[in-house]
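Note sheet for the following structure.
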Amino acid sequence: MDGQALILRNVSNYISITGEEQAYFLSLLQPRNYQRKEYLQREGSNCNNFTFITTGCVKSYLLDQKGEEHILTIAPADWWVVDYMSFVFGQPGNLFIEAIENTSTLILTKEKREELFRKIPPFERYFRILTERAFAVNQQRVTDILSLTAAERFEKFQQRYAHIANSLTQQQIASFIGVTPAFFSRMLKAKRK
């Protein structure tokens with residue numbers, strides 16, 4: 001499925017729009033390709049885009065004071081990625097967004113998004129639903145980190161991301177579930193026994 005068909009299918013999961021509205025929406029999107037390890041955004045820059053992943057996979061993460069990476073989001077194809085704090089408040093972000101593998105995207109700038117809302121109001125509902133879902137998923141991740149063991153978090157990760165797990169390194173998986181790579185390695189060894 002090509003990128004335009006994928007994003008229209010995603011939209012149709014939440015709102016109904018006419019063929020003319022679909023064409024207008026697609027006209028607002030900018031295609032952009034990223035190579036593996038290329039940044040979509042760096043810490044300290046302003047995030048002015050909602051980015052839809054059409055192929056590939058990206059991660060959003062922050063670096064702590066020791067330079068350790070903490071992955072907040074893994075976004076495979078058919079997902080949107082954004083640094084919400086930077087996007088909403090118009091301030092420099094604290095996240096890196098990086099391609100895990102070669103990735104194709106469709107970018108909707110802040111200005112084009114506002115234009116879209118004015119011309120096709122159902123898109124406000126679409127993005128509200130996306131934001132609510134993202135908030136719920138992030139809330140569940142925090143709950144999981146506070147209440148589940150590392151092994152239980154890994155099991156949930158495997159269920160949710162089975163289709164992309166092979167694209168990720170053990171270090172990336174460890175970061176996402178909130179453990180050190182050394183602990184993750186020991187946990188895998190114990191699980192195999």
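The values are calculated or read from the model by the stated rules, or taken from the named source; none is laboratory data. If you're wondering where the values come from, they're calculated on a predicted model, not measured in any experiment. Positions of Cβ are backbone-derived with ideal geometry, glycine not excepted, and every protein chain shown enters the neighbour counts. The protein model used for the area step is the full one, side chains on, heavy atoms only, and it has no ligands, DNA or RNA in it. Shrake-Rupley method; radii C 1.70, N 1.55, O 1.52, S 1.80 Å.
Quick test for you: out of 172, 140, pick the one residue that is among the polar types (S, T, N, Q), under 23 Å from residue 77 (Cβ atoms), assigned to a helix (DSSP H, G or I) and open to solvent by less than 70 Å² (accessible area, probe 1.4 Å). Explain how you work it out, then say what you get.
Details: 140 fails: open to solvent by less than 70 Å² (accessible area, probe 1.4 Å).
It is 172.
May I ask you to list the residues in the range 82-99 that are more than 15 Å from residue 135 (Cβ to Cβ) and among the hydrophobic types (A, V, I, L, M, F, W, C)?
89, 95, 96, 97, 99, listed by residue number.
Evaluation of residue 35 against the conditions (1) out of contact with any Leu (no Cβ under 9 Å at 6 or more places or on another chain); (2) surrounded by 15 or more Cβ atoms within 10 Å (Cβ to Cβ) shows that the sole unmet condition is (2). Can you name the residue in the range 57-107 that is more than 18 Å from residue 138 (Cα to Cα) and hydroxyl-bearing (Ser, Thr, Tyr) and, of all such residues, is surrounded by the fewest Cβ atoms within 10 Å (Cβ to Cβ)? Looking at the filtered set, the residue picked out is 104.
Here the condition is being open to solvent by 70 Å² or more (accessible area, probe 1.4 Å), farther than 29 Å from residue 6 by Cβ and out of contact with any helix residue (DSSP H, G or I) (no Cβ under 9 Å at 6 or more places or on another chain); of 133, 192, 128, 118, it holds for 192 alone. Scan the range 99-137 for residues that are of a type in the set (S, T, N, Q) and assigned to a helix (DSSP H, G or I) and the total you get is 1.
In the range 10-29, the count of residues that are touching a strand residue (DSSP E or B) at 6+ places or on another chain (Cβ under 7 Å) and aliphatic (A, V, I, L, M) is one or more.
Checked against (1) small (Gly, Ala, Ser); (2) closer than 27 Å to residue 36 by Cα; (3) surrounded by 13 or more Cβ atoms within 10 Å (Cβ to Cβ), residue 150 meets all criteria but (2). Taking the criterion of being at pLDDT below 95 and closer than 16 Å to residue 15 by Cα, no residue of the range 80-124 qualifies.
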